[in-house]
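The values are calculated or read from the model by the stated rules, or taken from the named source; none is laboratory data. Since we're looking at a predicted model, the values are computed, not measured. Cβ: placed from backbone, ideal geometry, glycine included. Neighbour counts: every protein chain shown. In case anyone asks, the SASA skips ligands and DNA or RNA and just uses the protein heavy atoms, side chains included. Shrake-Rupley method; radii C 1.70, N 1.55, O 1.52, S 1.80 Å.
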Amino acid sequence: MSQSSYGQMWHAAQGALDNLLEDEYPTMQLHPQKDRLQVFQTLATFYLRYLKIFRALEEVYDQLVHPQKRLVVHQVLEGVMGRLVELKNEMVELEYSEFHYFDDILQDFKMTPEDLEVPIPRYFVREKMRALKEREKMLAHILAKGGCQEDKTVLVQSMSIERAVWLLQVSERARQGRLRAHFMRTIRQEEQRRLQGSSSSILNPDGAATCIQKVWRGYRDRRRVKKECLEEMIFLGMIPAQQPTPSPAQLQAQQVQSRRHGVQEEHEAEYQRALLNIKESVKSVDGPDIKESLQEQIRQWFIECRDATGKFPDFPSPEDGGSASIFAQKTPEQVAAEFAANEEVRQKRKKSKEDKDKKGNDRKEKKKAKKGKMKGQKGKGDTEEEEKGWKMTPSNFLPTVVEGAKLYKEVWHNRDEKQNFLQSFDAQLVREEKRLEVEEELRVQVDELMRQELKNLKLVVDRDKGKKKKKVKKSSKKKKKKGRKTGKKKKKEKDLTADRTIESLYEELVLEGFIIRPMNVKLSDYIGEYSYLGTTLRQADIEPMPSLSDVRQLIALYGILPLGSQCVHERGPLIRALLLTGPAGVGKKMLVHALCNETGANLFDLSPATLAGKYPGKSGLQFLLHMVFKVARQLQPSVIWIGDAEKTFYKKVPKLEKEMEPKRLKKNLPKVLKSIKPEDRVLVVGTTHRPFDADIKPFCKVFKKIILIPRPDYASRFTLWKELLQAGGAQLGPKLDLSSLAKVTDGYTQGHILQAVQTVLNSHRLNQQTKRPLTAVEFIPPLARQDPVYKEEEEAFKVWYSRTPLGKKRAREARASEEADLKKGKTKGGKLQKKGKEGKNKKRKKKK
């Protein structure tokens, strides 16, 4: 696609965004709504429309070359990302569930389940690729220096001499048998050739021709039938379609896309150089004229105010905006009136403070009692209003989206870009921006000069006003002193490593094993299908198990987008800790590593196993946590992983694990989590396969966001078998029944299936595929050696999740809805009974 095509895509996305903003702004001002289903429908439609716009804008930002256009797209893109996270949070608070189903809305928008996948912006990693490569080199250097390189250990089994002799004899006899068979085969082939040669002299030309035709036609028909059977099997979905090799046009398009990233860097560097050069030229050429015009305007304002009010005005302070606040489209009389009003307000405040000091303590107590009563009444009213219905919370991202859309309309919507074929920066726009910056900088200098000039004028003409000014200064000093007193009360955290550099702390954490290298895994590698029965089951009042596609979406919304974007993390809902729970083998650890790879985050390991025997005592643990969180903040984004998180919150520590002290972090972890601020892109991620062993109250206080990962369903298992077998080098033929494998492996997790594939697909078996194709029966023995996830374990997870705060809220809501339905049923039943009795009485009267 060309740059003009991406421009058209940007135009279409901005048009869709304008329509969405027109639809969304009225909902912010509506009265509280009672119908929860209607509210969810509106939220879900907004969510899906924002998701569609987000996908288009991400594609545009990845391929646009113009540096100034990319700035506008980036602003809107971050606003849309933040709004997506906000809408997801609204849906969670409305339905009291982390998982939502949009089957009916997808049909209305003509979207597929694949369109629900949250796209991960590619610029998260690409724009800091150099820093990531340097960090990888530094990590490898530290590991090599400390001798902690990860060596692949090869397991060697011991063998007796008798066993070794027996294996040698078997292999030697097999070799001799193969040689003998090859020798006999060659003798047989020679005899066949000799017989054919003797019989060929008897055949006439017509017989030879019919023989050749018979052989050729048989071969041709067999090939045609085999091709038709293969096409039919592919059409029915029994065999996956063969992946076609990319055409030359596709390869060229991929090369052009990768080349554009280099052009983006070049144009960005040119744009940054131009910002400095154009600013200097504006300063040198237009700076003196701007300075003179500002001085003339301010002097004219002095004279006009003197003529209108009979005295010189007070010059605005830098906090009030300086001279910029004077010329905000106001006349001198209006400006003087504003200053007079401000002085009156200040005097009234002083008088009110003096009156308050003179009043007694009794009146203060009465006022406090009255205020308390008023607050109680207000609180009751607020709760009543909240109980009446739901109302959209104000958004922190809509203003940035609106601002970006406005900037697009004013600057880029109708701009002629035909001459700018290379899509380099626009010098005229840069000059306009830099002129405003230079004017603001010069205004500060001019304000200082004009303040002094006004002071001199007042000393000459109005000497009495100089004393009043001194009094104002004294009062300002007193205010400053009061501010200092309040500042002393706040306690500052002690820096336990003030004398050390970040590099030394990083090296120590790497050598101790608290910073690890994440595996090269992406979120798209976490294979799983969409659940098509979610809406149907919820309508039947059955809570469905979430699908693996839903888990991917939550990881992207709660982890990847906030960690990748500073704007989303600062303004969006703050998520400090996230818990991934589910049976063993469902991919919790893989999701943690994918989270780090998609955002370029550092991975810290604070699992009980790594903590065992390191930094003993309370002081040692405090020093370690201080070190970890200091490095995590400095090198953000960072992910702090706590594996086997239930051990940190054990109800009762097992005897075998008492020496490890798994509960060391229990007291300090909540305190450290509170220190994570919105500007710190740090996320604590816990993983556990036995959450029911932990004390649920402190566990849920730390991990307020909990994602329950289920075992894969049939659709996920089918795609998992297909992808893993293709990745292992297997040839998927008609004899390998993937549907049966997916059906048989109900209850097995992704880890079980991967282990079975790895055991079967060794190098020897892969070489035999042409002679002996793979069958589904070969995978049964390695699966039979593993324990699946039984229904009892799955029910235990469901029961535990229902005891979490979000699960309790959902249970309460379900009870309330059932009670409401029962009341409606009773009222309807009562009315029907009354009608029946009245009908019977009328019939009796008629008979009489």
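Residues in the range 568-584 that are among the aliphatic types (A, V, I, L, M) and open to solvent by less than 10 Å² (accessible area, probe 1.4 Å): Val568, Ala577, Leu578, Leu579, Leu580. Selection over the range 558-595 of residues that are part of a helix (DSSP H, G or I), farther than 17 Å from Val401 by Cβ and among the hydrophobic types (A, V, I, L, M, F, W, C) gives a count of 7. Applying the selection to the range 285-319, what residues are of a type in the set (D, E, K, R), over 30 Å from Gln428 (Cβ atoms) and surrounded by 12 or more Cβ atoms within 10 Å (Cβ to Cβ)? Once the filter is applied, which keeps residues that are of a type in the set (D, E, K, R), over 30 Å from Gln428 (Cβ atoms) and surrounded by 12 or more Cβ atoms within 10 Å (Cβ to Cβ), the range 285-319 yields Arg299, Glu304, Arg306, Lys311, Asp314.
For the range 665-675, the criterion of being open to solvent by 50 Å² or more (accessible area, probe 1.4 Å) and more than 27 Å from the chain's Cα centre (by Cα) is met by at least one residue. Against the numbered list (1) modelled with pLDDT of 90 or more; (2) out of contact with any Gly (no Cβ under 8 Å at 6 or more places or on another chain), Leu683 comes up short only at (2).
Identify all residues within the range 88-101 that are part of a loop (DSSP other than H, G, I, E, B) and open to solvent by less than 30 Å² (accessible area, probe 1.4 Å); write none if there are none. Matches in the range 88-101: Ser97, Glu98, Phe99, His100, Tyr101. Taking the range 742-848 and the helices (runs of 4 or more DSSP H) fully enclosed by it, the elements with 3 or more residues that are within 33 Å of the chain's Cα centre (by Cα), aliphatic (A, V, I, L, M) and at pLDDT 85 or above are at 750-760.
Criterion first (open to solvent by 100 Å² or more (accessible area, probe 1.4 Å), modelled with pLDDT of 85 or more and among the basic types (Lys, Arg)) does Arg175 satisfy it? Here the answer is yes, as Arg175 does meet what is asked.
Scanning the range 498-526 for residues that are among the aliphatic types (A, V, I, L, M) and within 18 Å of Asp115 (Cβ to Cβ) returns a single hit, Leu523.
For residues in the range 633-664 being part of a strand (DSSP E or B) and of a type outside the set (A, V, I, L, M, F, W, C), which is surrounded by the most Cβ atoms within 10 Å (Cβ to Cβ)?
Quick first cut of the range 633-664, residues part of a strand (DSSP E or B) only: 638-643, 650.
Filter once more, so that each one left must be of a type outside the set (A, V, I, L, M, F, W, C): 638, 643, 650.
Numbers: Ser638: 24, Gly643: 18, Tyr650: 17.
Result: Ser638.
State all residues of the range 32-53 that are open to solvent by 30 Å² or more (accessible area, probe 1.4 Å), part of a helix (DSSP H, G or I) and not hydrophobic (A, V, I, L, M, F, W, C); if no residue qualifies, say none. Hits for the range 32-53 are Arg36, Gln38, Gln41, Thr42, Thr45, Arg49, Lys52.
Mind checking whether some residue in the range 755-775 is open to solvent by less than 70 Å² (accessible area, probe 1.4 Å), out of contact with any Pro (no Cβ under 9 Å at 6 or more places or on another chain) and in contact (Cβ under 8 Å) with a residue 40 or more places away in the chain? Taking every residue of the range 755-775 in turn, at least one turns out to be open to solvent by less than 70 Å² (accessible area, probe 1.4 Å), out of contact with any Pro (no Cβ under 9 Å at 6 or more places or on another chain) and in contact (Cβ under 8 Å) with a residue 40 or more places away in the chain. Against the definition (at pLDDT 85 or above, hydrophobic (A, V, I, L, M, F, W, C) and open to solvent by less than 40 Å² (accessible area, probe 1.4 Å)), how does Leu143 come out, yes or no? Considered against the rule, which asks whether it is at pLDDT 85 or above, hydrophobic (A, V, I, L, M, F, W, C) and open to solvent by less than 40 Å² (accessible area, probe 1.4 Å), Leu143 comes out as no.
Taking the range 420-452, which residues are within 22 Å of Ala269 (Cβ to Cβ) and of a type in the set (S, T, N, Q)? Write out each step before concluding.
Pass one, the range 420-452, residues within 22 Å of Ala269 (Cβ to Cβ): 420-434, 437.
Of everything in the range 420-452, those that are within 22 Å of Ala269 (Cβ to Cβ) and of a type in the set (S, T, N, Q) turn out to be Asn420, Gln423, Ser424, Gln428.
Given the residues Ser531, Ser565, Ser549, Ser524, which is the only one that is open to solvent by 10 Å² or more (accessible area, probe 1.4 Å) and within 15 Å of the chain's Cα centre (by Cα)?
Ser524
All conditions in (1) open to solvent by 50 Å² or more (accessible area, probe 1.4 Å); (2) touching an Asp or Glu at 6+ places or on another chain (Cβ under 7 Å); (3) of a type outside the set (Gly, Ala, Ser) hold for Pro691, with the sole exception of (1). Inclusion of Glu127 among residues that are over 30 Å from Ile105 (Cα atoms), open to solvent by 100 Å² or more (accessible area, probe 1.4 Å), among the acidic types (Asp, Glu) and at pLDDT 85 or above is warranted.
Listed conditions (1) surrounded by fewer than 17 Cβ atoms within 10 Å (Cβ to Cβ); (2) closer than 26 Å to Ile326 by Cβ; (3) not aromatic (Phe, Trp, Tyr) are all met by Val282, apart from (1).
Return the total of residues in the range 102-130 being of a type in the set (Lys, Arg), part of a loop (DSSP other than H, G, I, E, B) and either without any contact (Cβ under 8 Å) to a residue 12 or more places away in the chain or farther than 27 Å from Leu71 by Cβ (or both). Walk me through it before giving the result.
Taking the range 102-130 and keeping what is of a type in the set (Lys, Arg), we get 110, 122, 126, 128, 130.
Right, trim to part of a loop (DSSP other than H, G, I, E, B) and you get 110, 122, 128.
Filter once more, keeping what is either without any contact (Cβ under 8 Å) to a residue 12 or more places away in the chain or farther than 27 Å from Leu71 by Cβ (or both): 110.
Summing the residues that are of a type in the set (Lys, Arg), part of a loop (DSSP other than H, G, I, E, B) and either without any contact (Cβ under 8 Å) to a residue 12 or more places away in the chain or farther than 27 Å from Leu71 by Cβ (or both) in the range 102-130 gives 1.
Residue check: is Arg273 more than 46 Å from the chain's Cα centre (by Cα) and in a helix (DSSP H, G or I)? Considered against the rule, which asks whether it is more than 46 Å from the chain's Cα centre (by Cα) and in a helix (DSSP H, G or I), Arg273 comes out as no. Of all residues in the range 212-232, which are under 29 Å from Ala742 (Cβ atoms) and either modelled with pLDDT under 80 or open to solvent by 100 Å² or more (accessible area, probe 1.4 Å) (or both)? Of everything in the range 212-232, those that are under 29 Å from Ala742 (Cβ atoms) and either modelled with pLDDT under 80 or open to solvent by 100 Å² or more (accessible area, probe 1.4 Å) (or both) turn out to be Lys226, Lys227, Glu231, Glu232. Answer yes or no: is there a residue in the range 54-61 that is under 29 Å from Ser547 (Cβ atoms), assigned to a helix (DSSP H, G or I), among the aromatic types (Phe, Trp, Tyr) and open to solvent by 30 Å² or more (accessible area, probe 1.4 Å). Scanning the range 54-61, I find no residue that is under 29 Å from Ser547 (Cβ atoms), assigned to a helix (DSSP H, G or I), among the aromatic types (Phe, Trp, Tyr) and open to solvent by 30 Å² or more (accessible area, probe 1.4 Å), so the answer is no.
When each of Lys69, Lys110 is tested for being open to solvent by 10 Å² or more (accessible area, probe 1.4 Å) and closer than 21 Å to Asp550 by Cα, the lone residue that passes is Lys110.
Under the condition of being part of a helix (DSSP H, G or I) and surrounded by 10 or more Cβ atoms within 10 Å (Cβ to Cβ), which residue from the range 233-244 is modelled with the highest pLDDT? The residue in question is Phe235. How many residues does the range 414-428 hold that are open to solvent by 50 Å² or more (accessible area, probe 1.4 Å) and in a loop (DSSP other than H, G, I, E, B)? The number of residues fulfilling the criteria is 8.
Looking at the structure I just gave you, is Leu603 closer than 27 Å to Val521 by Cα, open to solvent by less than 10 Å² (accessible area, probe 1.4 Å), modelled with pLDDT of 90 or more and assigned to a helix (DSSP H, G or I)? Steps first, please.
Values: closer than 27 Å to Val521 by Cα: yes; open to solvent by less than 10 Å² (accessible area, probe 1.4 Å): yes; modelled with pLDDT of 90 or more: yes; assigned to a helix (DSSP H, G or I): no.
Here the answer is no, as Leu603 does not meet what is asked.
Does Val85 meet the test of being part of a helix (DSSP H, G or I) and within 18 Å of Ile555 (Cα to Cα)? Spell out how you get there, then give the answer.
Numbers: part of a helix (DSSP H, G or I): yes; within 18 Å of Ile555 (Cα to Cα): yes.
So Val85 fits the description; yes.
Pick from the range 585-599 the residues that are open to solvent by 10 Å² or more (accessible area, probe 1.4 Å) and small (Gly, Ala, Ser): which of them is nearest to Ile502 (Cα to Cα)? The selected residue is Gly587. If you go through the range 495-542 and keep only what is in contact with a Gly (Cβ under 8 Å, 6 or more places away or on another chain) and in a strand (DSSP E or B), you end up with nothing.
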